[in-house]
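The structure appears right after this line, and notes come after that.
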């Protein structure tokens, strides 16, 4: 009898490694403690780098839903990141809006942008979609560059840091913990989505669109859902990015940004959450370690990406162990 | 300047721009026709072609001079070199992936493009490189319209290359084999066509045309940059889609249409040159949404 392959787990091989609840709780406790004490071990510069890595974890988790779960290549993911950042920047600076009111507005706008660009194009061939998203990313960046409201090429400065129940989130350490919380929420949402009805629909659509359609899955709707969820992740990342730095400029949202996020997803292993987290950390930490290489580091990443695709398309994170 | 002068000037600009787009679009369309692959690295081949032309010219300039003869010889040598580079890329990166899921091929193509782009970034340290051609500033004046000899030769060479390609594809045995492979690869193989050779020829020709455009752009605009392939890659893809991807006359037509749309589009009130790229990408999205088969393309079912 034919052996049916098991459904891939969002946890990669971790689920078989941590097979009892005790082991799982222990692993979670170790990770939480490590996250809590990391700033005191790595110092203030290390904290800033780690915060950036956690931002990338959040962005990569979002793109992973589009690329890893639904199998759509998005080359303009930075556009949603930009929508989030600029919405918070403009509404708090020009309209004096509170950050916590600007945040849902940013998410809403990103959802609208996701639907506007996704609804007509998700019916297209997958490679057309890749180019359209690339074009869309450039449209957003150039628009941000040319409009007066977005501050043109120099961008926006002086974005206020938010308050949360009397806690003024402003030091790098504060933001480190905020991004820790965001990354944890991002992971939980990703896992829940992967195990949901929608997550299974993404899996079917990724493997065989026509068979999925025949099973009664509306593929355009399902793909659009992936696109919109990705947009939500991207805009939340962008909103907190703007609040953290206090300044944003169009070049933070260039094609290179989209490529870096995509690299984080693919290098670690698309579709697998530990892989995506590993990828985000590689993309952010490797430049710190390779600082002496200067421009070479992007070339190293690019060659790494090519080698991964040719020899280990499932990414660096090990495939699930066979039982 | 009168409205008529603006019109003729923009017409000329559009034709020059369109010639570049058309040359690059041809490579997209040919590769797509034969292997159904969107070669993201194609814009980078244009960039590498520009640098290859620059390199050859800097070696040859002491013997042939930086004028027309030197540029023409460097153009041909750059086309040959980049043509082989295209074949190597196909063999190393794309051939092992042709049966893999489409997402993997697309990411591989993107990776190739990033390797070329960042390789050149490392070599040039991100600086603009002067091309070093000296072609003079002569030209012909027709009323208020000044057409430089450079523009005439550029458009003439582009037209000659496209005509040669069209004759190659429609009249020669290899061209027929290429058309057969684009219709049905497996059936063509059963008919005794060496499919791998046809794919290699296709990549060679497509890459060589991109290199021709890159070298001419270097000589015409005077400088080169590692990122110059990105935008034209996107624009040429737009041109290929407008004309109907997979169709060779379509790519030429699409290139010309996009060049004219851009040069006239920037004259529209409120568009302006800073919105030029937004204008082109919007055209791309609109064409893909409303007429994804383009002007001369045939409807196609996505591979199952």
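The values are calculated or read from the model by the stated rules, or taken from the named source; none is laboratory data. Keep in mind the model is a prediction, meaning the values are calculated, not measured. When we count neighbours, we look across all protein chains shown, and the Cβ atoms used for this are built from the backbone with ideal geometry, even at glycine.
Quick notes on this structure:
- Residues being part of a helix (DSSP H, G or I) and either within 14 Å of chain B (Cβ to nearest Cβ) or over 20 Å from residue A:175 (Cβ atoms) (or both) - total across region A:55-77: 7
- Filter pass, residue A:205 being crowded, with 19+ Cβ neighbours inside 10 Å, over 21 Å from residue A:78 (Cα atoms), in contact (Cβ under 8 Å) with a residue 60 or more places away in the chain and more than 10 Å from chain B (Cβ to nearest Cβ): yes
- Qualifying positions in region A:243-258 - buried (at least 24 other Cβ atoms within 10 Å of the Cβ) and either within 14 Å of chain B (Cβ to nearest Cβ) or at pLDDT 90 or above (or both): A:258
- Any hit, region B:87-103, residues being assigned to a helix (DSSP H, G or I), out of contact with any strand residue (DSSP E or B) (no Cβ under 6 Å at 6 or more places or on another chain) and more than 14 Å from chain A (Cβ to nearest Cβ): yes
- Scan of region A:151-164 for residues that are under 23 Å from the mean Cα position of the chain (by Cα) and either at positive phi or within 14 Å of chain B (Cβ to nearest Cβ) (or both), ordered by number: A:155
- Scanning region A:103-120 for residues that are surrounded by 21 or more Cβ atoms within 10 Å (Cβ to Cβ) and within 11 Å of chain B (Cβ to nearest Cβ) gives a single hit, A:117.
- Residue check, residue B:116 under 18 Å from residue B:229 (Cβ atoms) and either more than 7 Å from every other protein chain (Cβ to nearest Cβ) or modelled with pLDDT of 90 or more (or both): yes
- Filtered residues of region B:104-136 (kept if in contact with a helix residue (DSSP H, G or I) (Cβ under 8 Å, 6 or more places away or on another chain) and in a loop (DSSP other than H, G, I, E, B)): B:131, B:132, B:133, B:135, B:136
- In the set (1) assigned to a helix (DSSP H, G or I); (2) closer than 30 Å to residue A:246 by Cα; (3) within 14 Å of another protein chain (Cβ to nearest Cβ), residue A:129 fails one condition alone, (2).
- Residue A:50 passes every criterion in (1) more than 14 Å from chain B (Cβ to nearest Cβ); (2) without any contact (Cβ under 8 Å) to a residue 40 or more places away in the chain; (3) more than 18 Å from residue A:235 (Cα to Cα) apart from (2).
- Subset tally (residues that are over 21 Å from residue B:91 (Cα atoms) and under 16 Å from the mean Cα position of the chain (by Cα)) for region B:186-218: 7
- Residues in region B:213-241 that are more than 12 Å from residue B:43 (Cα to Cα) and away from chain A (no Cβ under 13 Å): 11 in all.
- Selected residue (criterion: modelled with the lowest pLDDT) from residues of region A:265-317 that are part of a loop (DSSP other than H, G, I, E, B) and out of contact with any helix residue (DSSP H, G or I) (no Cβ under 8 Å at 6 or more places or on another chain): A:294
- Of the criteria (1) away from chain B (no Cβ under 11 Å); (2) surrounded by fewer than 19 Cβ atoms within 10 Å (Cβ to Cβ); (3) in contact (Cβ under 8 Å) with a residue 12 or more places away in the chain; (4) not in a helix (DSSP H, G or I), which one residue A:123 fails: (1)
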